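Everything below concerns the one structure shown next.
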Amino acid sequence: MERLDKILSNLGYGSRKEIKALVKAGAVIVDEKVVKDNGMQLDPEKSKIVVNGEELTYRKYIYLMMNKPDGVISATFDSKDETVIDLLYPEHQVFNPFPVGRLDKDTVGLLLITNDGELNHKLISPKWHVDKVYYAEIDKAVDEKDIERFKEGIELDDGYKCMSAKLEIEEATDEGSKVLVTVQEGKYHQVKRMFEAVGKKVVYLRRIKFGNLPLDETLEEGEYRELTEEELNVLINN
Ligand code: URA
């Protein structure tokens, strides 16, 4: 059970004071009865709530796909930098969402944002083997030996042995390479550190796929949208 004014303000119907005014004006109907008490307790998943003649669709969870821009932190709060949550509209911020895993400040591309803790856990736990695919630009020529080492499992600078990863070369010259990397875990700076371990440097990193879900290429960096039901099913059944 939750307070009516809290439910409505979480759904973007205004401050508690504004909701009190709506109730006073007789604009809120719960289970066919005009509400008198803005603090009434109800179960939003069971009750029918109508505001200004419009039936409210209550939902507990939101699922967003963002094309994360450079320079923004994947966290809910940061004392000095802008976060991905700052980029959301208030109507989404009220759900208290958080990013699923992290992308570095300078990494761009597909970032999922949700308030569904269970799905978050499933998607970031290495146990579930969810593939994350990155397009990366590297400062030197990437070669077959690197492919082999990624496959065997790279040992990082702190001694951690990575799970097997797939490395695909799109283009390789002495001036630099374009590659795709698929990993199933998400250690801190993982892709960058994997390349460091083979003496190379990532100069650009963009996540293009999360599980079976590709980045919507029509989203500009910094833009986001809700997942469709179909996309959410793809993720859940990953
Ligand atoms: N690997 C990295 O090094 N950085 C990211 O942001 C994601 C994966």
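The values are calculated or read from the model by the stated rules, or taken from the named source; none is laboratory data. Because the structure is a prediction, the values reported are computed rather than measured. Neighbour counts are summed over all protein chains in view; Cβ atoms, including those assigned to glycine, are modelled from backbone coordinates with ideal geometry. Just so you know, the surface numbers come from the protein's heavy atoms only, side chains and all, with ligands and any DNA or RNA stripped out. Shrake-Rupley method; radii C 1.70, N 1.55, O 1.52, S 1.80 Å.
Overview of results
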read-out: Theoretical gain in end-to-end length, Ile147 to Glu32 [0.36 nm per residue, Cα-Cα removed]; value: 35.0 nm
read-out: The stretch 131-210 - percent of accessible surface contributed by carbon and sulfur, probe 1.4 Å; value: 47 percent
read-out: Hull shadow area, averaged, the stretch 2-55 [alpha-carbon convex hull, nm²]; value: 3.1 nm²
read-out: The chain: DSSP helices with Cα axial extent of at least 27 Å and average Kyte-Doolittle hydropathy no lower than -1.0; value: none
read-out: Translational diffusion coefficient (Stokes-Einstein; Kirkwood radius from C-alpha pairs) of the chain at 10 °C, 1.306 mPa s, in µm²/s; value: 78 µm²/s
read-out: For the chain, calculated [θ]222 nm from helices alone, where every DSSP H run of n ≥ 4 adds -39500 (n - 2.57); value: -6000 deg cm²/dmol
read-out: For Glu223, distant residues with modelled amide H under 5 Å away; value: Asn67
read-out: Radius 12 Å from Cβ of Asp37, net charge of other residues (Lys, Arg +1; Asp, Glu -1); value: +4
read-out: Nonlocal Lys pairs with alpha-carbon distance under 20 Å, the stretch 2-55 (8 or more apart, or different chains); value: 18
read-out: Cut-off under 5 Å, modelled amide H: who pairs with Ile73 long-range; value: Glu82, Thr83, Val84
read-out: Pairwise FRET efficiency - Asp70 versus Val198, Cβ, R0 = 25 Å, nearest 0.05; value: 0.50
read-out: Principal semi-axes in Å for the stretch 64-131 [√(5λ), Cα gyration tensor, largest first]; value: 20, 15, 10
read-out: Translational D in µm²/s for the stretch 1-134 (Stokes-Einstein at 25 °C, 0.890 mPa s, Kirkwood Rh from C-alpha pairs); value: 145 µm²/s
read-out: Counting DSSP beta bridges with both ends in the chain, the antiparallel % (nearest 5); value: 95 percent
read-out: Alpha-carbon radius of gyration plus Dmax, which is the widest Cα pair, for the stretch 182-238 in Å; value: 14.4, 43
read-out: Phi to ³J(HN,Hα) by Karplus 6.51 cos²θ - 1.76 cosθ + 1.60 over the stretch 100-112, Hz, x for Gly, Pro; value: 7, x, 10, 10, 4, 4, 9, 8, 10, x, 5, 10, 8
read-out: Estimated distance in nm for a label pair at Glu168 and Lys20, the labels positioned 7 Å out from Cα along Cα-to-Cβ; value: 5.9 nm
read-out: ³J(HN,Hα), Karplus 6.51/-1.76/1.60, whole Hz, each residue of the stretch 134-140, x for Gly, Pro; value: 10, 9, 10, 10, 10, 6, 10
read-out: Cα-only radius of gyration and Dmax that characterise the stretch 131-210, units Å; value: 11.2, 30
